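Written out below as structure tokens is the structure these notes cover.
The values are calculated or read from the model by the stated rules, or taken from the named source; none is laboratory data. Every value quoted in this text rests on a predicted model; they were computed, and no experiment measured them. Side chains are part of the model used for accessible areas, which takes the heavy atoms of the whole protein and leaves out ligands, DNA and RNA. Shrake-Rupley method; radii C 1.70, N 1.55, O 1.52, S 1.80 Å.
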Amino acid sequence: MPELPEVEVSRLGIDPHVSGHTIQQFIIRNARLRWPVDLDLPERLSQAVITHTARRGKYLILYCVCADKTQGALLIHLGMSGSLRIVEPSAAVQKHDHLDWVFDTHVLRYHDPRRFGSLHWHDLADGDVLMHPRLVGLGIEPFDDAFNGAYFYKHIRTRTQAIKVALLSGDIVVGVGNIYASEVLFRCKIHPETPAQSLTRKQCEQMAAQIKIVLHAAIEKGGSTLKDFVNSDGTSGYFQMHYNVYDRAGEPCTRCGHDIQRIVQAQRATYFCATCQKRTQPKSKKNTA
Ligand SMILES: [Zn+2]
């Protein structure tokens, strides 16, 4: 599943090929994505100029000025298996190629075998795109300067759920998906089942810093795949990182050599080292574990 780093790398990969370009034609081959694609879009987007791109959480945003001067934004979510790439106009359409933005010299093509992705139009006359129902409830961006240990501590203190589950909820900070949540907790030596509200201020400082470091490293790593967005086979945008714990159950911990464990939390797999990430007990209680 594409996580925040993949979405940001997708944005960086397509941006030079879409920003400042005029859409000659928008083609819908299959409107049945997670939510139906608006069938008025081909008419609305004909001769629209994409002015710039942005990202909020795992949503890619293409800002547009339409031929009738209406200003709006396209919100693209890649779902479980969506990808974007730039192809020649003559490139053969493959199975699962659902949407095309046709420009003068090239095409932006959306491919999604499982069709959990989505495309929404937001008219900027209705307000800032960040107020769109799909974006308004999202937590702070991890690279926002306002996201720091103090912010994280303040928002985590009221949460009784396990820290791993709180991270995945995306309403405190976005972008810490299943892979990165396991990695961040390993780096901070925090057991994934630790109640969120029991984390110390110091642990929150460390987690906020590691979240930025881990996600930044993933985007950097993805930067080496940017050329794959042009005329590739459609697997562009996903990249394999080296993980300390994620998907390594039974393999030795990179820090202590003990086996990595796998547990399930809120229907998602969590990987951790039980030696490095010791369960901490509430100060007021005896050790009953
Ligand atoms: Zn270990």
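Counting only residues 5 or more places away or on other chains, whose amide H sits under 5 Å from the amide H of CYS253 once H atoms are built in the peptide plane?
HIS258, ASP259, ILE260
Classify the stretch 4-131 as rounded, prolate or oblate from the Cα gyration tensor: take a ≥ b ≥ c as the square roots of its eigenvalues, call it rounded if a/c is under 1.5, otherwise prolate when a/b beats b/c and oblate if not.
Rounded is the answer for the stretch 4-131, as its axis ratio a/c remains below 1.5.
Any chance you could give the angle, 0 to 90 degrees and rounded to 10, that helix 4-18 forms with the longest Cα principal axis of the chain?
20
How big is the gap, in Å, between the Cα center of the stretch 9-25 and the Cα center of the stretch 105-150?
16
Gaussian network model of the chain, Cα springs within a sub-10 Å range: biggest mean-square fluctuation belongs to which of LYS95, LYS278, LYS227?
LYS95
When the Kirkwood hydrodynamic radius is evaluated over all pairs of different C-alpha atoms of the chain, what value in angstrom, to one decimal, is obtained?
By the Kirkwood definition, the hydrodynamic radius is 20.5 Å.
Quick check: residue separation of THR51 and ALA146 times 0.36 nm, minus the Cα distance between them. What number comes out in nm?
Here the answer is 31.5 nm.
What residue among HIS155, HIS96, HIS242 has the largest mean-square fluctuation in a Gaussian network model of the chain, using Cα springs under 10 Å?
Evaluated over the chain, the most mobile residue of the options is HIS242.
Taking Cα pairs under 8 Å and at least six residues apart, what relative contact order does the stretch 149-272 come out at, in percent?
So the answer I get is 26 percent.
Which entries of LYS189/LYS212; LYS69/LYS221; LYS58/LYS95; LYS189/LYS227; LYS164/LYS221; LYS69/LYS212 have Cα-Cα distances beyond 27 Å here?
From LYS189/LYS212; LYS69/LYS221; LYS58/LYS95; LYS189/LYS227; LYS164/LYS221; LYS69/LYS212, over 27 Å: LYS69/LYS221; LYS189/LYS227; LYS69/LYS212.
Carbon and sulfur together cover what percent of the accessible area of the stretch 149-272 at a 1.4 Å probe radius?
Whole-percent figure for carbon plus sulfur exposure: 49.
For the chain, calculate the relative contact order in percent as a whole number, restricting contacts to Cα pairs under 8 Å that are 6 or more residues apart.
Taking the mean separation of contacting Cα pairs over the length of the chain, I get 18 percent.
Show me, for the stretch 255-267, the HN-Hα J-couplings you get by feeding each phi into the Karplus relation (A = 6.51, B = -1.76, C = 1.60, θ = phi - 60°), rounded to Hz, glycine and proline as x.
Result, rounded to whole Hz: 9, 10, x, 6, 5, 6, 9, 10, 10, 10, 10, 6, 6.
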